[in-house]
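Trainee: Sharing a structure here in structure tokens format.
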Amino acid sequence: MLGPVEIRGAAQPFHRAAARELVVYLAFHRHGVRTEVWAAALWTDRRIAQSTLHSTSSVARRSLGRSEGGVDHLPRRGRLLRLEDTVGTDVDRFARAAASPDPERWMDALRLVRGRVFDGLGLCDWAVLEGTQAQVESMVVDTALKAAAYYLHRGQGEEAEWVARRGLRVSPYDERLYRALLRATEVMGNRVGLRSAMEELLRVAADGDPLCRGAGRGVLSESGRSFVHPQTMSLFRELARGGIPAAGGDPSRL
């Protein structure tokens, strides 16, 4: 789920999109869900025929297949659907790695990030309404910020840039990640990268707003300032002047 949704290791392809969406929903409701509950979660705006619901769960069951022990990954339990523990997710793996005190495990977690959370799903209003998407995004961003702070403190600008970029794949508008990115360019002594990162932020912030188109071409323009948090603009100016101490305590020479 940490990018375009993929189901790996299934017995056969998911030819019905709703069946795939059902598996994703069940992956975040591990205690099991009754038919009427998952139906209302996936189709928030209409009632679906029982025959359609039955065929959707059946397709999901057949597509997932069975474990090596011969147990269905999505067994029959009457009206209750629950995935077996034989089905795991990248979000579960991310959470375990991110909880470790070892920075290498944080990197392992961030390597799982491929793009926007739940990308490619069409019936995922539940993820927004239940707060699931926000929680997953927050977990990824917090881990990226934690890792960036660790590597910046050690003067490892390339690693700090990499983890910040991973976080931006999930949350492209989070200015905290852009501030980490700006600091990473400072640690590397990369003046071109500093300006490029700021211009990138201005383009993202002004995305779709005709009043601010082209703001990225003038980093300190008034049109650009209004779309960026003052703390970010202040940091950029200080770094551009070389006024922020680098990891060794001396102002960086960009």
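The values are calculated or read from the model by the stated rules, or taken from the named source; none is laboratory data. As the structure is a prediction and not an experimental result, all values here were calculated from the model. Backbone-built Cβ (ideal geometry, glycine too); neighbour counts: all protein chains shown. Just so you know, the surface numbers come from the protein's heavy atoms only, side chains and all, with ligands and any DNA or RNA stripped out. Shrake-Rupley method; radii C 1.70, N 1.55, O 1.52, S 1.80 Å.
Trainee: Under 6 Å by Cβ, and 6 or more places apart or on different chains, what pairs join a residue from the stretch 107-125 that is within 16 Å of W162 (Cβ to Cβ) with one that is surrounded by fewer than 21 Cβ atoms within 10 Å (Cβ to Cβ) and of a type in the set (G, A, S)?
Mentor: Here the result reads D108/A97; A109/A97; A109/A98; R114/G3; G115/G3, each pair linking the stretch 107-125 to a residue that is surrounded by fewer than 21 Cβ atoms within 10 Å (Cβ to Cβ) and of a type in the set (G, A, S).
A quick yes/no check of all residues on (1) out of contact with any Leu (no Cβ under 8 Å at 6 or more places or on another chain); (2) in a loop (DSSP other than H, G, I, E, B); (3) touching a residue at least 24 places away in the same chain (Cβ under 8 Å); (4) among the aromatic types (F, W, Y):
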site	(1), (2), (3), (4)
E6	yes, yes, no, no
A40	yes, no, no, no
E68	yes, yes, no, no
V91	no, no, yes, no
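Trainee: Among the listed residues W126, W106, identify the single one that is in contact with a Ser or Thr (Cβ under 6 Å, 6 or more places away or on another chain) and assigned to a helix (DSSP H, G or I). Walk me through how you get there before you give the answer.
Mentor: Numbers: W126 fails: in contact with a Ser or Thr (Cβ under 6 Å, 6 or more places away or on another chain).
Just one listed residue meets the conditions, W106.
Trainee: Considering only residues that are at positive phi and either part of a helix (DSSP H, G or I) or open to solvent by 30 Å² or more (accessible area, probe 1.4 Å) (or both), which ones fall in the stretch 129-172? Steps first, answer last, please.
Mentor: Taking the stretch 129-172 and keeping what is at positive phi, we get 131, 155.
Matches in the stretch 129-172: G155 only.
Trainee: Residues to consider are R82, R61, R20; find the one that is under 29 Å from the mean Cα position of the chain (by Cα) and open to solvent by less than 30 Å² (accessible area, probe 1.4 Å).
Mentor: The match here is R61.
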